[in-house]
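J.: To start, I am sharing the structure in question, which I have written as structure tokens.
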Amino acid sequence: MNTKGKSVDGTAIIILAITGVASVLLFAIKGILDQLPDVFDSASRARDAWERFKKKHDEAVKPDDTEGQPPVAVPVDDKEPPAAA
């Protein structure tokens, strides 16, 4: 029997298996890296939207919304207001 031939076949199978695993690993890494720019863009848009939301919320809470409006004249009368019917 030729035992040398079986050992070479086993080594070739191991080498092919390792290269196959490496190939699949590289393909997976490339897929992940290709998606990173889209992930960063989405994160940036989400951060901007959050900042706009917080700014609108902070502005709504301020009581000084009448700053640019002219003052309203209130007539001064000594009379009582009419009674409700």
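The values are calculated or read from the model by the stated rules, or taken from the named source; none is laboratory data. Remember, predicted model here, so these are calculated numbers, not experimental data. With ideal geometry, Cβ positions are generated from the backbone for all residues, glycine too; neighbour counts draw on all protein chains shown. Protein only, heavy atoms only, side chains kept; ligands, DNA and RNA dropped before computing areas. Shrake-Rupley method; radii C 1.70, N 1.55, O 1.52, S 1.80 Å.
J.: How large a share of the accessible area of segment 11-60, in percent, is made up of carbon and sulfur atoms when the probe is 1.4 Å and the other protein chains stay in place?
T.: Within segment 11-60, the accessible surface is 72 percent carbon and sulfur.
J.: Still on this structure, please answer the following. Suppose every Lys and Arg Cβ carries +1 and every Asp and Glu Cβ carries -1, with no other charges. What dipole size does segment 11-60 come out with about its Cα centre, to the nearest 20 debye? Don't jump to the answer; show the numbers that get you there.
T.: Working: 7 positive and 7 negative charges, 17 e Å.
Charge dipole of segment 11-60: 80 debye, to the nearest 20.
J.: Kindly write out, for segment 39-50 in residue order, the coupling ³J(HN,Hα) from the Karplus curve 6.51 cos²θ - 1.76 cosθ + 1.60 (θ = phi - 60°), rounded to whole Hz, with x marking Gly and Pro.
T.: Computed from phi, the couplings for segment 39-50 are 5, 5, 4, 5, 5, 5, 5, 5, 5, 5, 5, 5 Hz.
J.: For segment 11-60, what is the convex hull (Cα atoms) projected area averaged across all directions, in square nanometres?
T.: The Cα convex hull of segment 11-60, projected and averaged over all directions, gives 3.8 nm².
J.: I'd like to check one number: the per residue accessible area of segment 11-60, probe 1.4 Å, reported in Å² as a whole number.
T.: With the other protein chains kept in place, segment 11-60 gives 91 Å² per residue.
J.: Can you work out the Karplus-derived ³J(HN,Hα) for every residue in segment 18-25? Use 6.51 cos²θ - 1.76 cosθ + 1.60 with θ = phi - 60°, whole Hz, and x for glycine or proline.
T.: 5, 5, x, 5, 4, 5, 5, 4
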